[in-house]
1. Yes or no: segment 118-136 includes at least one residue that is surrounded by 14 or more Cβ atoms within 10 Å (Cβ to Cβ) and at positive phi.
2. Yes or no: segment 108-120 includes at least one residue that is within 17 Å of residue 79 (Cβ to Cβ) and in contact with a strand residue (DSSP E or B) (Cβ under 9 Å, 6 or more places away or on another chain).
3. Under 7 Å between Cβ atoms, at least 6 apart or on separate chains: pull out the pairs that start in segment 26-37 with a residue that is on the phi > 0 side of the Ramachandran plot and in contact (Cβ under 8 Å) with a residue 24 or more places away in the chain and end on any residue that is surrounded by 13 or more Cβ atoms within 10 Å (Cβ to Cβ) and assigned to a strand (DSSP E or B).
4. When residue 3 is evaluated against the numbered criteria (1) under 26 Å from residue 111 (Cα atoms); (2) out of contact with any helix residue (DSSP H, G or I) (no Cβ under 9 Å at 6 or more places or on another chain); (3) modelled with pLDDT of 90 or more, which criterion, by number, is the only one it fails?
5. For segment 21-28, does any single residue satisfy the condition of being farther than 16 Å from residue 75 by Cα, at pLDDT 90 or above and surrounded by 14 or more Cβ atoms within 10 Å (Cβ to Cβ)?
6. Need a quick list: strands (runs of 3 or more DSSP E) entirely within segment 4-123 having at least 2 residues that are under 14 Å from the mean Cα position of the chain (by Cα).
7. Given the conditions (1) without any contact (Cβ under 8 Å) to a residue 60 or more places away in the chain; (2) touching a helix residue (DSSP H, G or I) at 6+ places or on another chain (Cβ under 8 Å); (3) surrounded by fewer than 19 Cβ atoms within 10 Å (Cβ to Cβ), which single one is not true for residue 81?
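The values are calculated or read from the model by the stated rules, or taken from the named source; none is laboratory data. The shown structure was predicted, so the numbers you read here are calculated from the model rather than taken from an experiment. Here Cβ is always computed from backbone atoms with ideal geometry, including for glycine, and neighbour counts include all displayed protein chains.
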């Protein structure tokens, strides 16, 4: 699980990564074109992509498929809106190639936050990273041409 340790260290220098890495204890393989999530499903987990790639999308009112983002090896995947709100999934999360993920439940994450303040700092830094990415993407949609 060195990939996971490397991912964590991008955000903060964790002195104790072992418990954090061990918490991602559910390993799942997802075949190309299969779904990790669909709207209405429970999304009380985050997943780290060990191998493969995923896309996140939804359908607008006219039935047009809108891809929101892609995630690749070494990145996290899930429906973050549902995860943070504690609601059902809003987005489709589909494997674009055969993939393998390690999953962490929200319940375990909350316990890790309580047990070790370094983990809480990781959560904050990761949330900041995601927020900045979303804002930059929204800005580019509004200010740049499709060309």
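1. No, segment 118-136 has no match at all.
2. Going residue by residue through segment 108-120, those that are within 17 Å of residue 79 (Cβ to Cβ) are 109.
Keeping just the survivors that are in contact with a strand residue (DSSP E or B) (Cβ under 9 Å, 6 or more places away or on another chain) gives 109.
Yes: one or more hits.
3. 33/94; 33/95
4. Going through the list (1) under 26 Å from residue 111 (Cα atoms); (2) out of contact with any helix residue (DSSP H, G or I) (no Cβ under 9 Å at 6 or more places or on another chain); (3) modelled with pLDDT of 90 or more, residue 3 breaks only (3).
5. no
6. 35-37, 45-51, 53-59, 65-72, 92-95, 99-105
7. Status for residue 81: all satisfied but (2).
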